[in-house]
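The values are calculated or read from the model by the stated rules, or taken from the named source; none is laboratory data. These numbers were taken from a predicted model, which means no experiment stands behind them. Here Cβ is always computed from backbone atoms with ideal geometry, including for glycine, and neighbour counts include all displayed protein chains. Ligands, DNA and RNA are stripped out before the accessible areas are found, and what is left, the full protein with its side chains, is counted by its heavy atoms. Shrake-Rupley method; radii C 1.70, N 1.55, O 1.52, S 1.80 Å.
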Amino acid sequence: MRSFRSLSSDVGMLGWMWVSAVVIAIDQLTKWMAEANLEPGQPFPVVPHLDMTLSYNLGAAFSFLGDQNGWQRWFFAGLAIVVCLLIINWMRKLKRRQVWAALGLALVLGGAIGNLIDRLLYGKVIDFVAVYFDIPFVMENYHFAIFNVADMAITGGAMLLVFLSLFASDQID
């Protein structure tokens, strides 16, 4: 019979997957709320430079490959599954002291699964957060991408991992 210490070293930091579960739950809840309360393409102002605008993304980030005939749904779903498995394996190998890396990976994992759910169930990702701003002397009312909670988690987790790799490499290895 294996000891608890041996077992805990085999699972690494998988205990941080609760963060992924929270991200998935909030992501799916907010997407449901957006679809229930917003009309596609019709902005609902929240605060200056932030609207809730329901949009559907058939591709990847910034609608990359969104104009294809459907194969991209399965390509991006398969890619997301592979990435999720790699992240889970990475989390399993983390040591107890690598808390920040576990958090970053859990955020990316939760966001990836949140968008994967949309892709598998609906064939598209539901987005609803629209940010816009002025670029002095260049453009007024510049609209950035429309995104969702999953995208925010992926971005935040990736930024944390990049920061750790630059300034705290002992957290990543």
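Provide the FRET efficiency to the nearest 0.05 for the Asn89-Val22 pair, computing r from the beta carbons and using R0 = 22 Å. Walk me through the numbers before you get to the answer.
On the way: r = 21 Å, r/R0 = 0.97.
For Asn89 and Val22, the calculated efficiency is 0.55.
Among 82-89, 45-52, how do they line up by average Cβ neighbours within 10 Å per residue, starting with the highest? Before the final figure, lay out each step's value.
Numbers: 82-89: 14.1, 45-52: 12.6.
Taking the mean over residues of other Cβ atoms within 10 Å, the ranking is 82-89, 45-52.
Mind checking which lysines have their Cα closer than 25 Å to the Cα of Lys31? Skip sequence neighbours fewer than 8 apart in that chain.
Lys124
Provide the packing ranking of 162-170, 127-135, i.e. peptides ordered by the mean count of other C-beta atoms within 10 Å per residue, highest first. Before the final figure, lay out each step's value.
Values: 162-170: 11.9, 127-135: 16.7.
Those peptides, ordered most packed to least, come out 127-135, 162-170.
I'd like to check one number: the per residue accessible area of the range 83-146, probe 1.4 Å, reported in Å² as a whole number.
Numbers: 3460 Å² over 64 residues.
For the range 83-146, the solvent-accessible area averages 54 Å² per residue.
Among the trypsin sites (Lys or Arg not before Pro) in the range 73-137, which ones are in a DSSP loop with at most 14 other Cβ atoms within 10 Å of the Cβ? Mind listing them? Could you put the intermediate results ahead of the total?
Details: sites: Arg73, Arg92, Lys93, Lys95, Arg96, Arg97, Arg119, Lys124; in loops: Lys95, Arg96, Arg97, Lys124.
Passing both the DSSP loop test and the Cβ count: Lys95, Arg96, Arg97.
Please report the carbon-and-sulfur percent of the accessible area for the range 94-173; probe 1.4 Å, protein heavy atoms only, DNA, RNA and ligands left out. Walk me through the numbers on the way to the answer.
On the way: 2940 of 4220 Å².
Of all accessible area on the range 94-173, carbon and sulfur atoms account for 70 percent.
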